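Note sheet for the following structure.
The values are calculated or read from the model by the stated rules, or taken from the named source; none is laboratory data. What you see is a predicted model, and the numbers here were worked out from it, not measured in a lab. Neighbour counts are summed over all protein chains in view; Cβ atoms, including those assigned to glycine, are modelled from backbone coordinates with ideal geometry.
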Amino acid sequence: MNAIQTHIPGFPRIGAARELKFALERHWRGEADENELEAVGRELRARHWAQQRAAGLDFVTVGDFAYYDHVANHIQLFGCEPARFGFRSRDSALARYFTMARGGRTDAACGHGPGCGHAGHALEMTKWFDTNYHYLVPEFSEQTAFALAGERLLGEVAEAQALGHPVKAVLLGPLSFLYLGKERAAAEGFSRLDLLERLLPVYGALLSRLKEQGVAWVQIDEPILGLDLPPAWRNAFEQAYWQLNQAGAQLLLATYFAPLEENLSLACRLPVAGLHVDGVRAAHELINVADWLPAHKVLSVGIVDGRNIWRSDLDAALARLAPLLAKRDGKLWLSTSCSLLHVPFSLDAETKLDPELKSWLAFAAEKLGELAVLKAAVALGDGGQHAAAAGAEASAAALAEARARIAARRASARVHNAAVAARLDAVAADPQADRRAAPFAQRQQVQRERLRLPAFPTTTIGSFPQTPAIRGARAAFKRGELAADAYQAAMRAEIAYAIERQEILGLDVLVHGEAERNDMVEYFGEQLDGFAFTRNGWVQSYGSRCVKPPVIYGDVARPAAMTVAWTVHAQSLTKKPVKGMLTGPVTILQWSFVRDDQPRERTALQIALAIRDEVADLERAGIAVIQIDEPAVREGLPLRRSQWNAYLDWATKAFRLSASVARDATQIHTHMCYAEFNDILPQIAAMDADVITIETSRSDMELLAGFGQFRYPNEIGPGVYDIHSPRVPSAAEMTALLRKASAVIPPSNLWVNPDCGLKTRGWDETNLALANMVSAARQLRAET
Ligand code: GLN
Ligand code: ZN
């Protein structure tokens, strides 16, 4: 055995050309049967394993593939499909799998969203830690039974072995599997942790089967070790792993995304054969882990960033590895920090990307190459500086190349903009820079006099239906088939239509409808300096859905106004106030690949300055209400609570900096697509938006209670209808919700609006729902 071995915790499964996505969608449309889909899956796995071996990895990872989601795979593997789906024995495994993922027959009939309580609804989907990947949430109750039911993993292992690959199988660990699920239809007092005892023998049986099948290593992921765990969950680890260890398989316990902190010594002493740690996000813990982990165990260091798209600084990596090598007697496994699921496939497809920028990047395929270079450099024992041995030349050259790219990026004039830096320094020196001139109470007065809105003013969140005509025009314009002036005319007509509709509906604060926007981040990124866009940089979001995040590579600046012309056009068509519509700095940051050569905070503040300029321009053009959307503030929260305050400090500051340029009489709105604010209410209040609109209808206004108890000082628009569903709520339903809201929030501070933007809805339902919403507001006005 080599002292240095390489592997990865997981690889993207969607395929270099998103083959899996297209195969899935063909299958769901009924154009490809299960055999065809399986053939595509098999082909992709084979290709990805071959790629891992070609890059010199010592193992291929098996078990990271999924037709929809890896957590859902475990639901079938362990035979715990929720009974509510009522599966029959003639339903195939794949059919049952897609029903859990996408909902059954009753789903369409009821028209509610996931979690409405009706049988047949898809499993709830939620974010996989702090990534933009969504997993399907397992459901547990005291009725849940487990059995080794799925043969898929064992089959894939056999596939890889037949192809001649050394296999490391990967499984989600039992504690993370239970923790990431939720109780559903369970008895009072039942905790899913109670199921551990029932689950462990099934894991044990699986591990024995894997061992029998000749699998050398099983990577068992317990990413929850990077969370602030309740004591009962922490305490369950030792006993659980003692039991799993009886199966005799060599286990590599894998953690990622966060430092281990108080779980560090626990992770080091669990009875397993090896431990993988995130060497990027927990770099400061590496020495400690190397000290605590018993010498006979394997230490796998995730030294290459699996969450970002930048080339590694290999010299810095080697410097970080050197003391670990010394402590571990020269024995280490090298890896990416986490599964490469979270980065795009390969730079090969980026034929249009600027070559200089491209030379700074590393996607999944290129990261495999980095591991190979690191392995060779470590093997040479001198950091590759004096590589002379035969066979080492190539890796020395690769190392030199990487070094040159890193240096070029650091020095590039395209990355650094002195004016932006100077502006940021000025902001840092001015404690008032992120404050509005007057406190809210005064602004409220001035704004009321200026806007003269009725009580319970009505508005929408920004987007109106993105009709096929709109999408078609935008796509034709992008392809160069529609001339710029024809496109402009088409969008202006759409805006006029949206304004006319809102006038007829009797809304109070209008929006232009966002027809010209394909995506709330991309639209701004395309107009800002420091952003780049890839052709094929797709990352799986859930199932067949992928997103293509922009790349923020340099200092952000705004060369010209981005939204003013559209907004002014809309305002010219009505006497009612039109709300300007911007995306906030935290959301732009959160939904992009962010440069790693300066703190995220600094990038957020740069974006904030660009948005600030747009706010000033809109105001100068006569726009009296401006919304700065920040739906991603909450998802940016670090996994560890100990890091929340630092993040919230700069995140709220970035928002305030973008808004504080507004005069007192300009009303600043913000919007967030959720309502679990209870633990961050002081910081939400500290954003000091004049109006915040949030999602509350699905929780029956319950989520608003926190705002009431906290005595949230500014105005609030709790969403009164769920835009995720085509169902048109009645005026009476919305009136009832508003009465509930009035009981916890001073009615004079309440706005009336939907939960979120309407871009995914059709005009018919939108017209009906908004008409009902306006009558609900009128009803409330009459009552008070
Ligand atoms: N203004 C955006 C819209 O209405 C907000 C979207 C969001 O919050 N995700 O579409
Ligand atoms: Zn929203």
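Of the residues in segment 734-752, how many are free of Cβ contacts under 8 Å to residues at least 24 places away in the same chain and more than 27 Å from GLN445 (Cβ to Cβ)? Selection size over segment 734-752: 1. Filtering ALA610, ALA632, ALA646, ALA675 for residues that are away from ligand 2 (no atom under 16 Å from the Cβ) and in contact (Cβ under 8 Å) with a residue 24 or more places away in the chain leaves a single hit, ALA610. If you go through segment 131-151 and keep only what is among the charged types (D, E, K, R) and at pLDDT below 95, you end up with just GLU151. Scanning segment 685-712 for residues that are over 20 Å from ILE723 (Cβ atoms) and either of a type in the set (Gly, Ala, Ser) or buried (at least 24 other Cβ atoms within 10 Å of the Cβ) (or both) yields ALA685, ALA686, MET687, ALA689, ALA705, GLY706, PHE707, GLY708. Within segment 571-607, the residues that satisfy the criterion of being of a type in the set (Gly, Ala, Ser) and either closer than 13 Å to ALA662 by Cβ or within 16 Å of ligand 2 (Cβ to nearest atom) (or both) are GLY580, GLY584. Within segment 447-478, take every residue that is closer than 19 Å to ASN753 by Cβ and of a type in the set (Ser, Thr, Tyr) and give me the one that is nearest to ligand 2 (Cβ to nearest atom). Restricting to residues being closer than 19 Å to ASN753 by Cβ and of a type in the set (Ser, Thr, Tyr), the top hit is SER463. Of the residues making up segment 652-679, just one is within 16 Å of ligand 1 (Cβ to nearest atom), under 21 Å from the mean Cα position of the chain (by Cα) and farther than 21 Å from GLN709 by Cα, namely PHE655. Evaluating ALA624 against the criteria (1) surrounded by fewer than 21 Cβ atoms within 10 Å (Cβ to Cβ); (2) within 18 Å of ILE692 (Cβ to Cβ); (3) within 28 Å of the chain's Cα centre (by Cα); (4) away from ligand 1 (no atom under 16 Å from the Cβ) leaves one unmet condition, (3). A search for C-beta distances below 7 Å between a residue of segment 440-465 that is farther than 17 Å from ASN714 by Cβ and any residue that is more than 16 Å from ligand 2 (Cβ to nearest atom) and small (Gly, Ala, Ser), counting only pairs 6+ apart in sequence or on different chains, returns THR458/ALA777; PHE464/ALA498; PRO465/GLY762. Taking the criterion of being surrounded by 18 or more Cβ atoms within 10 Å (Cβ to Cβ), within 16 Å of ligand 2 (Cβ to nearest atom) and farther than 15 Å from PHE456 by Cβ, the residues of segment 726-784 that qualify are ASP755, CYS756, GLY757, LEU758, LYS759, ARG761, THR766, ALA769. If we scan segment 631-651, do we find a residue that is within 16 Å of ligand 1 (Cβ to nearest atom), buried (at least 19 other Cβ atoms within 10 Å of the Cβ) and closer than 21 Å to VAL752 by Cα? So far as segment 631-651 goes, yes, one or more of its residues are within 16 Å of ligand 1 (Cβ to nearest atom), buried (at least 19 other Cβ atoms within 10 Å of the Cβ) and closer than 21 Å to VAL752 by Cα. Of the residues making up segment 125-163, just one is surrounded by fewer than 16 Cβ atoms within 10 Å (Cβ to Cβ), touching a residue at least 60 places away in the same chain (Cβ under 8 Å) and closer than 18 Å to ALA46 by Cβ, namely LEU163.
In the set (1) within 16 Å of ligand 1 (Cβ to nearest atom); (2) surrounded by fewer than 20 Cβ atoms within 10 Å (Cβ to Cβ), PRO682 fails one condition alone, (1).
Contact list please: Cβ distance under 6 Å, first residue in segment 757-771 and aromatic (Phe, Trp, Tyr), second residue at pLDDT 95 or above and within 16 Å of ligand 2 (Cβ to nearest atom), pairs at least six apart or on different chains. Here the result reads TRP763/PRO465, each pair linking segment 757-771 to a residue that is at pLDDT 95 or above and within 16 Å of ligand 2 (Cβ to nearest atom). Within segment 438-450, being surrounded by 12 or more Cβ atoms within 10 Å (Cβ to Cβ) and more than 18 Å from PRO746 (Cβ to Cβ) holds for ALA438, VAL446, ARG450. Listed by position, the helices (runs of 4 or more DSSP H) inside segment 299-386 whose residues that are β-branched (Val, Ile, Thr) and closer than 26 Å to VAL547 by Cα number at least 1 form an empty set. Evaluated against (1) modelled with pLDDT under 95; (2) closer than 22 Å to PRO294 by Cα, ALA185 falls short on exactly one condition, (2). Taken as a whole, the structure places ILE611 among residues that are within 25 Å of GLY530 (Cβ to Cβ), within 16 Å of ligand 1 (Cβ to nearest atom), β-branched (Val, Ile, Thr) and assigned to a helix (DSSP H, G or I). Inside segment 204-239, residues that are free of Cβ contacts under 8 Å to residues at least 60 places away in the same chain, assigned to a helix (DSSP H, G or I), surrounded by 14 or more Cβ atoms within 10 Å (Cβ to Cβ) and not small (Gly, Ala, Ser) make up a count of 7. Could you identify the single residue in ARG435, ARG423, ARG414, ARG403 that is surrounded by 12 or more Cβ atoms within 10 Å (Cβ to Cβ), within 30 Å of GLN598 (Cα to Cα) and touching a Ser or Thr at 6+ places or on another chain (Cβ under 8 Å)? So the residue among ARG435, ARG423, ARG414, ARG403 that is surrounded by 12 or more Cβ atoms within 10 Å (Cβ to Cβ), within 30 Å of GLN598 (Cα to Cα) and touching a Ser or Thr at 6+ places or on another chain (Cβ under 8 Å) is ARG435. Apart from one condition, CYS338 fits all of (1) buried (at least 22 other Cβ atoms within 10 Å of the Cβ); (2) out of contact with any Gly (no Cβ under 6 Å at 6 or more places or on another chain); the exception is (2). Run ALA570 past the list (1) over 19 Å from the mean Cα position of the chain (by Cα); (2) small (Gly, Ala, Ser); (3) more than 20 Å from GLY462 (Cβ to Cβ) and report the number of the one that doesn't hold. Here ALA570 meets the rest and fails (3). The helices (runs of 4 or more DSSP H) found wholly in segment 616-728 and carrying at least 3 residues that are of a type in the set (D, E, K, R), closer than 30 Å to ALA258 by Cβ and modelled with pLDDT of 95 or more occupy 644-659.
Condition (residue is away from ligand 2 (no atom under 16 Å from the Cβ), in contact with a strand residue (DSSP E or B) (Cβ under 9 Å, 6 or more places away or on another chain) and under 30 Å from ARG435 (Cβ atoms)) applied to segment 694-702: is it met by at least one residue? The answer is no, given that none of the residues of segment 694-702 is away from ligand 2 (no atom under 16 Å from the Cβ), in contact with a strand residue (DSSP E or B) (Cβ under 9 Å, 6 or more places away or on another chain) and under 30 Å from ARG435 (Cβ atoms).
Of all the criteria given as (1) under 29 Å from HIS669 (Cα atoms); (2) away from ligand 1 (no atom under 14 Å from the Cβ); (3) touching a helix residue (DSSP H, G or I) at 6+ places or on another chain (Cβ under 6 Å); (4) of a type outside the set (A, V, I, L, M), the one not satisfied by PRO457 is (3).
Against the numbered list (1) among the charged types (D, E, K, R); (2) closer than 19 Å to HIS671 by Cα; (3) not in a loop (DSSP other than H, G, I, E, B), GLU733 comes up short only at (2).
One line per residue, one yes/no per condition, for (1) modelled with pLDDT of 95 or more; (2) closer than 26 Å to SER642 by Cα; (3) under 24 Å from the mean Cα position of the chain (by Cα):
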| residue | (1), (2), (3) |
| --- | --- |
| GLN246 | yes, no, no |
| ALA267 | yes, yes, no |
| LEU275 | yes, yes, no |
| TRP292 | yes, yes, no |
| LYS297 | yes, no, no |
| ILE303 | yes, yes, yes |
| TRP310 | yes, no, yes |
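Looking at segment 39-110, the helices (runs of 4 or more DSSP H) lying wholly inside it that each contain 1 or more residues that are without any contact (Cβ under 8 Å) to a residue 60 or more places away in the chain and surrounded by 23 or more Cβ atoms within 10 Å (Cβ to Cβ) sit at 93-102.
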